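The values are calculated or read from the model by the stated rules, or taken from the named source; none is laboratory data. Source: prediction; values computed, not measured. Glycine also receives a Cβ, built like all others from the backbone with ideal geometry; neighbour counts cover every protein chain displayed. Ligands, DNA and RNA are stripped out before the accessible areas are found, and what is left, the full protein with its side chains, is counted by its heavy atoms. Shrake-Rupley method; radii C 1.70, N 1.55, O 1.52, S 1.80 Å.
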Amino acid sequence: RVRTVALGVPDPDAVARLLVERDGVDPVLAAQVARETQSHIGMARRLATNDEARARRVETLDVALRVQTAGHAVLAAARYVEIAGADAEALGADQDAAEREHALRQMGIAPGGTVPPQLRRQLRELEGLQKERAKRGLRDGVDRILVDLLSLFRDILLTQLGVGHELVNEAQRARIEEAARGRRPEDTLAVLDAIQLARERIEANVPALLALEALLVVVAAPDGR
């Protein structure tokens, strides 16, 4: 009989300890990113070690908290596509460079060395795979934004319901409390539903910009529903 082992999500404290011990991350920052990524080790390490990635996440939350009109929603959707593209490009550039370096090493070519004609086809095939991955990278970048928005609006909902807890986005507590006062719990639930719908639409190949615009209109006008 084959035994099935259930793998649980690691505790944020355990992720924070790993970042401190393995990567030398400041303990306060490690605890913050472990919460914000909901214990996703890879993304927590990226936020902890990459100032630009951390800044993009902060802007993601800030944009959502400032959306108040349909006009804001359209502009915010366009900005999210830009953020997702920049994030995907940065993530892909590091991965592409590492893959190319590994491929050259496997071919016995020193960094900066000339690639013999008979080996260039292999590099072109690698570049083709990387370009295909880059196309998927934008969609993955948008999904990371939507996951962050889920955490934000869950924080808002729990604040509205008076649930005493540490927020995922603790650094944004004051603004989350302000947002919680500005809408009803049912409005926040509608946003959470709209975020999930946006993820499903993008997965079904609806253009990301259109899916984001539809979501952000729900964020902008809770009283219009």
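Out of everything in the range 178-205 that is assigned to a loop (DSSP other than H, G, I, E, B) and either over 20 Å from the mean Cα position of the chain (by Cα) or aliphatic (A, V, I, L, M) (or both), what residue ends up being surrounded by the most Cβ atoms within 10 Å (Cβ to Cβ)?
Taking the range 178-205 first, the residues assigned to a loop (DSSP other than H, G, I, E, B) are 182-184, 204-205.
Now narrow it down to the ones that are either over 20 Å from the mean Cα position of the chain (by Cα) or aliphatic (A, V, I, L, M) (or both): 182-184, 204.
Values: 182: 12, 183: 18, 184: 12, 204: 8.
Within the range 178-205, the match that is surrounded by the most Cβ atoms within 10 Å (Cβ to Cβ) is 183.
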> From 34, 55, which residue is buried (at least 17 other Cβ atoms within 10 Å of the Cβ) and either in contact (Cβ under 8 Å) with a residue 24 or more places away in the chain or of a type in the set (Gly, Ala, Ser) (or both)?
Replying inline: 34
> Within the range 145-177, which residues are touching a Leu at 6+ places or on another chain (Cβ under 8 Å), open to solvent by 60 Å² or more (accessible area, probe 1.4 Å) and touching a residue at least 60 places away in the same chain (Cβ under 8 Å)?
Replying inline: 175
> Looking at (1) surrounded by 12 or more Cβ atoms within 10 Å (Cβ to Cβ); (2) assigned to a helix (DSSP H, G or I), which is the one condition that is false for residue 115?
Replying inline: (2)
>> Of the residues 70, 97, only one is in contact (Cβ under 8 Å) with a residue 60 or more places away in the chain and surrounded by fewer than 17 Cβ atoms within 10 Å (Cβ to Cβ); which?
In response: 70
